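Take a look at the structure set out below.
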Amino acid sequence: MSAMIVIAALCLDAWLGEPRRAHPLVAFGRFATWLERLVYRDSRMAGVLAWVLAVLPWVAVSMALVGGLGRWPWLEALFTALMLYLAIGLRSLGEHAAAVTAALQQQDLPAARQAVGQMVSRDTGQLDETGVATAATESVLENGCDAVLAAIFWCLLLGAPGVLLYRLANTLDAMWGYRNARFSRFGMCAARLDDVLNFIPARLTALSYALLGATGSALRAWREQGHQWKSPNAGPVMAAGAGALQLQLGGAAAYHGQMTERPQLGAGRRADAAAITAAWHLVRRSAWLWAALALVVNLVWSIGNA
């Protein structure tokens with residue numbers, strides 16, 4: 001049943017994409033902003049309190065709903081599939097990547113900078129074509145875990161409550177998990193819990209990229225370069241993705257007006273428009289690989305218990 005839930009969610013995402021109006025995560029973001037204004041203090045405990053108040057009530061509601069629907073397994077499965085569909089963004093990721101790719105292919109650098117600015121937090125105004133392609137490729141690979149595969153992992157492990165726990169925690173990390181004057185203490189809980197929830201999915205994502213690409217290059221980059229990245233989860237994912245695609249990613253990038261020298265990831269040719277598309281196809285194949293593996297596990301389990 002769990003495999004069919006994942007397949008249904010992926011099909012819904014491919015068919016419908018993200019809801020254009022009234023996306024639940026947008027509403028949650030507004031709620032989190034209101035809650036932040038209400039409880040904010042420059043302290044770690046205030047951040048813990050805000051995280052608990054923002055996440056746990058909704059997870060408890062989802063657990064109650066799943067429990068209530070347990071008498072009707074098909075309704076529970078439908079609810080879980082809808083939750084997973086709302087949590088993943090595979091088609092949206094592809095659409096953002098395609099916008100950057102199209103602008104680069106048309107040699108419209110200003111449009112490419114604007115499009116990649118919708119995907120990354122770095123400064124994009126001075127990027128050349130290689131810089132734009134590098135930023136987009138890194139974003140696709142990293143979000144392959146954050147926006148797709150990690151949600152599938154928690155769905156397979158804990159069902160709808162797991163999906164909700166992961167997605168809300170990941171959203172709060174995107175809102176509060178910054179190392180700046182306002183959030184260095186308040187946002188620490190959100191950042192650390194997102195790291196914990198992503199730890200296993202990130203490594204499974206890196207392994208998937210390696211299996212579906214240049215395996216030796218991916219495993220070598222993961223082993224030698226992944227730990228050098230400042231994020232314990234993004235490093236393995238992007239290093240393995242760069243190796244799988246035989247690309248060179250990383251390097252200098254500007255954030256908030258300051259140039260940051262980042263480690264090199266992978267090896268080979270520099271990123272270009274084709275690399276962005278290849279990265280998205282790698283993410284998509286990984287998602288369907290997970291669905292196929294879940295289906296095999298379900299079938300073996302069913303046969304073993306027949």
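The residue that is surrounded by the most Cβ atoms within 10 Å (Cβ to Cβ), among those in region 59-102 that are in contact (Cβ under 8 Å) with a residue 12 or more places away in the chain and not in a helix (DSSP H, G or I), is ILE88.
Taken over region 103-130, residues that are part of a loop (DSSP other than H, G, I, E, B), closer than 23 Å to THR260 by Cβ and of a type outside the set (D, E, K, R) amount to 9. The condition of being out of contact with any strand residue (DSSP E or B) (no Cβ under 8 Å at 6 or more places or on another chain) and free of Cβ contacts under 8 Å to residues at least 60 places away in the same chain holds for only one of ALA181, ALA151, that being ALA181.
If you check GLN225 against the conditions, is it surrounded by fewer than 22 Cβ atoms within 10 Å (Cβ to Cβ) and out of contact with any His (no Cβ under 7 Å at 6 or more places or on another chain)? For GLN225, the condition - surrounded by fewer than 22 Cβ atoms within 10 Å (Cβ to Cβ) and out of contact with any His (no Cβ under 7 Å at 6 or more places or on another chain) - is not met. Here ALA135 fulfils each of the conditions (1) in contact with a Lys or Arg (Cβ under 7 Å, 6 or more places away or on another chain); (2) surrounded by fewer than 22 Cβ atoms within 10 Å (Cβ to Cβ); (3) farther than 26 Å from ALA9 by Cα apart from (2). Is it fair to say SER208 is buried (at least 17 other Cβ atoms within 10 Å of the Cβ), in contact (Cβ under 8 Å) with a residue 60 or more places away in the chain, in contact with a Gly (Cβ under 9 Å, 6 or more places away or on another chain) and polar (S, T, N, Q)? Considered against the rule, which asks whether it is buried (at least 17 other Cβ atoms within 10 Å of the Cβ), in contact (Cβ under 8 Å) with a residue 60 or more places away in the chain, in contact with a Gly (Cβ under 9 Å, 6 or more places away or on another chain) and polar (S, T, N, Q), SER208 comes out as yes. The residues of region 265-277 that are assigned to a helix (DSSP H, G or I), among the hydrophobic types (A, V, I, L, M, F, W, C) and surrounded by fewer than 20 Cβ atoms within 10 Å (Cβ to Cβ) amount to a single one, ALA274.
Coordinate-derived values only; no laboratory data. Keep in mind that this is a model prediction, so the values were computed, not measured. Using ideal geometry, Cβ is built from the backbone for each residue, glycine included, and neighbour counts are taken over all protein chains shown.
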